[in-house]
Amino acid sequence: MDYQRVPDTAGGLRLHLNENTAGCSPKVLEAIRSIPATAIARYPDYEAATRDCAASLGLDPGWVALTNGLDEGIWAAASACVRAGDRGVEAIVPEPAFDMYAACVRAAGGRVVAVPPGPDLAFPLDEVLGAIGPATRLVFLCSPANPSGASLPAPVVRRIAGALPPDAIVFLDEAYVDFAPGSFLDEPPWPANVVVGRTFAKAYGLAALRIGCIAARPDVLARLQAVIPPYSLNVCAVEGLRAALDDRDSHRWYCTQVGESRRILAEACRRLGLRFWPSDANFVLVSLGDRCAEIVRALAAHGIHVRDRSGEPGCDGCARITTGVVEHTRACIAALEEVL
Ligand SMILES: *Cc1c(COP(=O)(O)O)cnc(C)c1O
């Protein structure tokens, strides 16, 4: 897969991958420690975890499948929609976007139709609608978007879903929705050809356990499940997820920290005269201008790692900064003030 792994940062404060900067709930560790040897020896059963996950989304368990990270859900969508033997099959990716969409479509043998953003990273609705054709099998949408942090209104998602040829799907990536005011799931109707993807890597801090889920009408979900191995989750992820979902206080606390962090980072940007995009996610895209690469390097020298997004369409001179625990955001702001 042509996915570019971000080089490791040997220590320091990691604000470059939108990870949970607090770590997972201690209840997750307790749950993993109490897994009996016999459970490690068995193939994992994740029916109960699927039920818990569906309940947390307010859905019937038949509408939800757990995946080995949301990445596996993205891969499943690409490989189910871009079937071998179909020549010239296309997937639409509005840019800038999470790298995995294009990487998975290409690995599955499909063609990526990249749609550039409007001014100030505005979502290019007319251009996306214009790019839809008989070869379109899949459209990747992300709300809140990575890296702008902007939420996509549900009517926009429905409009795109309604313009697709039969059997094509919208994959709506809601990796950051825990930090946003609302989800597509809160605003019915839910068109049959929309698959929603979630991850427990970000808000729940389970990135290393690799666990996410996809949700869709059961017949559509079955098309994606057909390309997912039967035991793609491990027992630590299964038990860790159940404990994480159960610890609502910890989740609520972290989301509040993120909201406060976004607020103080925005305030610092205004004070420092830096442009930024209002974000519904656990990161803020900040315009650092011509000195972006230099500033990102200087921050790293201060032990603060942020992500230079300059190479992305519409993101010239921009860095993406994770807003996690308030204390970490304050450390980042202090370093930024010094560097500038
Ligand atoms: C982090 C991220 C994912 C991947 O989630 P995993 O569960 O870690 O595989 C998917 N989509 C977006 C937009 C992300 O930022």
So what's the back-of-envelope 222 nm ellipticity for the chain, counting only DSSP H runs of four-plus at -39500 (n - 2.57) apiece and dividing by all residues, rounded to 500? -11500 deg cm²/dmol
Using the charge dipole of region 1-122 (Lys, Arg: +1 at Cβ; Asp, Glu: -1 at Cβ; taken about the Cα centre), state which of 23, 36, 70 has its Cα farthest towards the positive end. 36
For the chain, with only Lys/Arg (+1) and Asp/Glu (-1) charged at the beta-carbon, what is the dipole magnitude about the Cα centre, in debye rounded to 20? 180
I want to verify a result. In a Gaussian network model of the chain, Cα cutoff 10 Å, which of these has the top mean-square fluctuation: 231, 204, 101? 231
Positive-end residue of 101, 117, 57, charge dipole of the chain with Cβ unit charges: 101
Determine, at each q value in 0.07, 0.08, 0.09 (inverse angstroms), the log₁₀ of I(q)/I(0) that the Debye formula gives when each Cα of the chain is one equal point scatterer. -0.29, -0.38, -0.48
Projecting the Cα atoms of 269, 214, 292 onto the charge dipole of region 176-293, where Lys and Arg contribute +1 and Asp and Glu -1 at Cβ, the residue farthest towards the positive end is 292
Arrange the residues 33, 42 by how much accessible surface each exposes, largest first, with a 1.4 angstrom probe. 33, 42
In whole Å, how far is the Cα centre of region 175-211 from that of region 230-263? 12
Cysteines (scope the chain) whose Cβ has no counterpart Cys Cβ under 4.7 Å: 24, 53, 81, 104, 142, 213, 236, 255, 269, 292, 332
Which value, in Å² rounded to 10, gives the accessible area of residue 328 with a 1.4 Å probe and all protein chains present? 40
How much length, in nm to one decimal, is gained on full extension between residue 338 and residue 253, taken as 0.36 nm per residue of separation minus their Cα-Cα distance? 27.6 nm
May I ask what percent, to the nearest 5, of DSSP beta bridges between residues of the chain are antiparallel? 45
For residue 173, list long-range residues whose amide hydrogen, built 1.01 Å from N in the peptide plane, is under 5 Å from its own amide hydrogen. 141, 142, 143, 197
Most mobile of 113, 284, 156 in a GNM of the chain (Cα contacts under 10 Å): 156
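The values are calculated or read from the model by the stated rules, or taken from the named source; none is laboratory data. Because the structure is a prediction, the values reported are computed rather than measured. Virtual Cβ from ideal backbone geometry, glycine too; neighbours counted across all protein chains shown. Side chains included, ligands, DNA and RNA excluded: accessible areas come from the protein's heavy atoms. Shrake-Rupley method; radii C 1.70, N 1.55, O 1.52, S 1.80 Å.
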